[in-house]
Structure formats: structure tokens, C-alpha cells
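Presented below is the structure to which this report refers.
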Amino acid sequence: EPEVTQTPSHQVTQMGQEVILRCVPISNHLYFYWYRQILGQKVEFLVSFYNNEISEKSEIFDDQFSVERPDGSNFTLKIRSTKLEDSAMYFCASSESGQLNTEAFFGQGTRLTVV
Amino acid sequence: AQSVTQPDIHITVSEGASLELRCNYSYGATPYLFWYVQSPGQGLQLLLKYFSGDTLVQGIKGFEAEFKRSQSSFNLRKPSVHWSDAAEYFCAVAMNYGGSQGNLIFGKGTKLSVKP
């Protein structure tokens, strides 16, 4: 069964460093998303991406974040100059269309620890 | 603003017992509601969803949920829990009317433990 895969499963980085979280969405999907979950808190929407541009973003998704689909298969989340509070589980998701009746499939997540 | 509340952080039930996980939402219009499950080391998997129509919806793995507009609730139920149901369960509401299933507002989750 096709699935969304995320790498790495766990990344530790020093405060101030840049990190790139990688996701391989399901191959025929066109809509892509990033979410994060700080330990003990809600899963929060960060950004949605379609047709090589951001379609929606939350207040969390500020200038330190960027997304890219560099090669038609990967979908990346870059965090510039990481802060301690960026430590969280980051989930990628993809869906075939942007319609509500189309399921979004989530990856297993990347745990980011900023030290 | 839309929000989702899951009042129970952690629930423990015995194997074979019934289960109900609570979810309350705040949304101005007809909500589009979802339940996801996350097993350890796995991604979020959709259990079921409610868009309209019959207020009792059936999902995978023997789960069902009932939408009650008067109570702003969408509680998840299972008549007989199996040890493999131990996981974290998330209730979610679609962020915007007409938005995609990828734009969701999640609750904090309820961790389910199952006693043998």
C-alpha cells in the first residue's frame, strides 16, 4: 500500500542551525502539508502546498520556515536558525486532491530535538 | 475560531471492555469531523469521518462515532477493545468550509492503554 515516508525519524540539531526535514508523498498526490506536534500539545497545521506554491499557512509558519518540492518527488520543510521551541514531532501529509472527501495520508513523523 | 477539545488525556480499559473517547468541537457552521489513530512509531491513520447525513458513522477496525450537534460532540466508540487498539487517538475538524482534509485542527489527543 502506498505511504508517505519521512526522513530522518529523529534529528538532533544545535540551536541556530538550519535543518531540512524530508518527506516523500504518495506518488500521484498533488496536495502536500506539514504539521507539528510539540510534546504534550496539539497537532498544529503549518502549511499546505499545491502546484509549487503555498496555498495556506498558519501563524506558526513564519519567515524561519520554508517549503519546497525540489525534484518532483521530495517535499521538504526547512527551518532556518532553529530555536529550542522548534523541538517537536513534524508530520508530513499528502492528498490526491484538495477536496474534503479525499483522504489526507500522514507520514510517521520526524522528531526534531533542538539542543 | 474553530477548536477541538479532547477532555481525557489518558484512558485505560480492559481488553474486551467497551470504549468511548470524547471529543467536543467549536465551529460556526456544519463541521467536517475526523478521528485519527497513531500507533507507536506510525503516522496518523484515518479511522472515520463525518461530513453530513447519518450521524452515526462507521470506520475501520470496528470503530464508530456519533455526531451530536446539540452537544457539539463527536465521540468515538468501540464495543470491545483489543490489545492492538492501544494507541493515541486524535479528533480533528476541517479548518475551512471547502478546505481539504489536509487543513485540519486537531485536539490534543487521548492515549489509550489496554489492560490484559
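Points worth noting:
- Against the empirical curve 2.2 N^0.38 Å, the C-alpha radius of gyration of the protein assembly as shown lands at a ratio of 1.00.
- Projecting the Cα positions of A:Gly107, B:Val81, A:Pro70 onto the charge dipole of the protein assembly as shown (unit charges on Cβ atoms of Lys, Arg, Asp and Glu, taken about the Cα centre) puts B:Val81 furthest along the positive direction.
- Computed label-point distance, nm, for sites A:Asn51 and A:Asn74 using a 7 Å Cα→Cβ extension: 2.6 nm
- Formal net charge of residues neighbouring B:Asp54 (Cβ-Cβ distance under 12 Å; K, R +1; D, E -1): -2
- The mean of 1/r over all distinct Cα pairs in region A:62-115, once inverted, gives the Kirkwood hydrodynamic radius of 13.0 Å.
- Calculated Rg and Dmax of region B:1-99 using C-alpha coordinates, Å: 13.3, 40
- With Rh defined as the Kirkwood radius, the inverse of the mean 1/r over Cα pairs, the Rg/Rh of region A:8-108 is 0.95.
- For A:Val4, A:Val12, B:Val57, the sequence from fewest to most other C-beta atoms within 10 Å is A:Val12, B:Val57, A:Val4.
- Taking the Cα centre of the protein assembly as shown as origin and assigning +1 to Lys and Arg Cβ atoms and -1 to Asp and Glu Cβ atoms, the resulting dipole is close to 460 debye.
- Dipole size of chain B about its Cα centre, with +1 on Lys/Arg Cβ and -1 on Asp/Glu Cβ: approximately 120 debye, rounded to the nearest 20.
- Chain B, relative contact order [Cα under 8 Å, separation at least 6], %: 36 percent
- Charge dipole of region A:5-114 (Cα centre as origin; +1 on each Lys and Arg Cβ, -1 on each Asp and Glu Cβ, all else neutral): 300 debye, rounded to the nearest 20.
- Long-range HN-HN contacts of A:Gln108 with modeled amide H, under 5 Å: A:Gln6, B:Gly43
Computed from the coordinates by the stated procedures, all read-outs in this text should not be read as laboratory data. None of the values given here were measured: they were computed from a predicted structure. Heads up, the Cβs are rebuilt from the backbone with ideal geometry, glycines too, and the neighbour counts pull from every protein chain shown.
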